[in-house]
Amino acid sequence: MSVTEKNETLSVISERHAVKKYEKGFVLPEADLNAILTAASEAPSSWNLQHWRFLVIESEADKAKLLPIAYGQTQVVDSSVTIAVLGDLEANRNTFIYDQAVEAGALPAEVRDALVGQINGAYQSPQIARDEAIRNASFASQNIMLAARSLGYDTCPMGGYNPQQLIEAFNIPARFVPTLLITVGKAAEPARPSGRFPLSEVVVKGSF
Ligand SMILES: Cc1cc2nc3c(=O)[nH]c(=O)nc-3n(C[C@H](O)[C@H](O)[C@H](O)COP(=O)(O)O)c2cc1C
């Protein structure tokens, strides 16, 4: 088997692990948080509808409110911030993103109108709206974790929380579905070792 040498991107991917112990009290510089959130918003999305909102939970009071919602997982109080990645169930309302391109002459108005019709048609299905919200928000989540690692921070993705309680505690509008909590901070202890299945078990070439 040939071994490809890891470049910086591949190294960051390999170094990302779910860190649960953080340096308590470490304040994430605003510029770094913004770089991480910018990377999140640079994720790809279906029709470029950018199906995400990032709820940043960083005050001590909000962290304390989050702790029972996250079933007592202490990384939400020990890390610098927790980002709740929300998916947009009404992302078909974001088609105004095309208007600038139309005005700049980069996109014919008929193409924009056809796209908008196609999108609104698809969004008649609540299942599609939900699938799209979760699928696309997940790309933003991965960007958060990789961007944070590339800046020397660590993260823990968390599905272990009560979404209804999160919605109520942080006034999340019905338009948005919580997809994932991600803690971000300075690691105090490395993540527990985690194995991966070999490619021979997870890759199917051609067809099953
Ligand atoms: C969708 C999702 C939900 C997760 N939920 C939790 C969680 O609630 N608490 C936790 O400590 N880790 C959680 N994890 C982290 C996983 O346990 C971890 O990613 C996995 O064991 C692989 O370890 P590694 O990321 O350190 O390589 C979650 C990961 C994902 C992707």
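So VAL184 passes all but one of these: (1) in a loop (DSSP other than H, G, I, E, B); (2) open to solvent by less than 50 Å² (accessible area, probe 1.4 Å). Which condition number does it fail?
Result: VAL184 fails condition (1) only.
Out of curiosity, is LEU37 surrounded by 15 or more Cβ atoms within 10 Å (Cβ to Cβ), within 11 Å of the chain's Cα centre (by Cα) and in a strand (DSSP E or B)? Outline the logic, then answer.
Numbers: surrounded by 15 or more Cβ atoms within 10 Å (Cβ to Cβ): yes; within 11 Å of the chain's Cα centre (by Cα): yes; in a strand (DSSP E or B): no.
Taking the combined requirement at face value, the residue does not satisfy it.
Would you check which residues across the stretch 165-192 are within 11 Å of the ligand (Cβ to nearest atom), of a type outside the set (S, T, N, Q) and over 22 Å from GLU8 (Cα atoms) and list them?
Of the stretch 165-192, the ones within 11 Å of the ligand (Cβ to nearest atom) are 179-183, 190-192.
Imposing the further condition that a residue be of a type outside the set (S, T, N, Q) reduces the set to 180-182, 190-192.
LEU180, LEU181, ILE182, ARG192 - these are the residues of the stretch 165-192 that are within 11 Å of the ligand (Cβ to nearest atom), of a type outside the set (S, T, N, Q) and over 22 Å from GLU8 (Cα atoms).
Kindly provide the set of residues from the stretch 121-158 that are open to solvent by 60 Å² or more (accessible area, probe 1.4 Å) and part of a helix (DSSP H, G or I), ordered by number.
The answer is PRO126, GLN127, ILE128, ARG130, ASP131, ILE134, ARG135, PHE139, GLN142, SER150.
Among the residues of the stretch 13-60, write down those that are among the hydroxyl-bearing types (Ser, Thr, Tyr), closer than 17 Å to SER80 by Cβ and within 16 Å of the ligand (Cβ to nearest atom).
TYR22
Please verify whether GLY195 is without any contact (Cβ under 8 Å) to a residue 60 or more places away in the chain, assigned to a loop (DSSP other than H, G, I, E, B), within 11 Å of the ligand (Cβ to nearest atom) and open to solvent by 40 Å² or more (accessible area, probe 1.4 Å), treating the condition exactly as stated. Please lay out each step first, then the result.
Numbers: without any contact (Cβ under 8 Å) to a residue 60 or more places away in the chain: yes; assigned to a loop (DSSP other than H, G, I, E, B): yes; within 11 Å of the ligand (Cβ to nearest atom): yes; open to solvent by 40 Å² or more (accessible area, probe 1.4 Å): yes.
Criteria met by GLY195.
If I go through the stretch 127-164 residue by residue, how many of them are closer than 17 Å to ASP32 by Cβ, of a type in the set (A, V, I, L, M) and away from the ligand (no atom under 16 Å from the Cβ)?
1
Answer yes or no as to whether THR74 is surrounded by fewer than 17 Cβ atoms within 10 Å (Cβ to Cβ) and of a type in the set (Val, Ile, Thr).
Details: surrounded by fewer than 17 Cβ atoms within 10 Å (Cβ to Cβ): yes; of a type in the set (Val, Ile, Thr): yes.
The answer is yes for THR74.
Select from the stretch 61-95 the residues that are farther than 18 Å from ILE172 by Cα and part of a helix (DSSP H, G or I) and write down the one among them that is farthest from the ligand (Cβ to nearest atom).
So, considering only residues that are farther than 18 Å from ILE172 by Cα and part of a helix (DSSP H, G or I), the one farthest from the ligand (Cβ to nearest atom) is THR95.
The values are calculated or read from the model by the stated rules, or taken from the named source; none is laboratory data. All values derive from a computational prediction rather than experimental measurement. As a convention, Cβ positions derive from the backbone with ideal geometry for all residues, glycine included, and neighbour counts pool all protein chains shown. Only protein heavy atoms, including side chains, enter the accessible area calculation; ligands, DNA and RNA are left aside. Shrake-Rupley method; radii C 1.70, N 1.55, O 1.52, S 1.80 Å.
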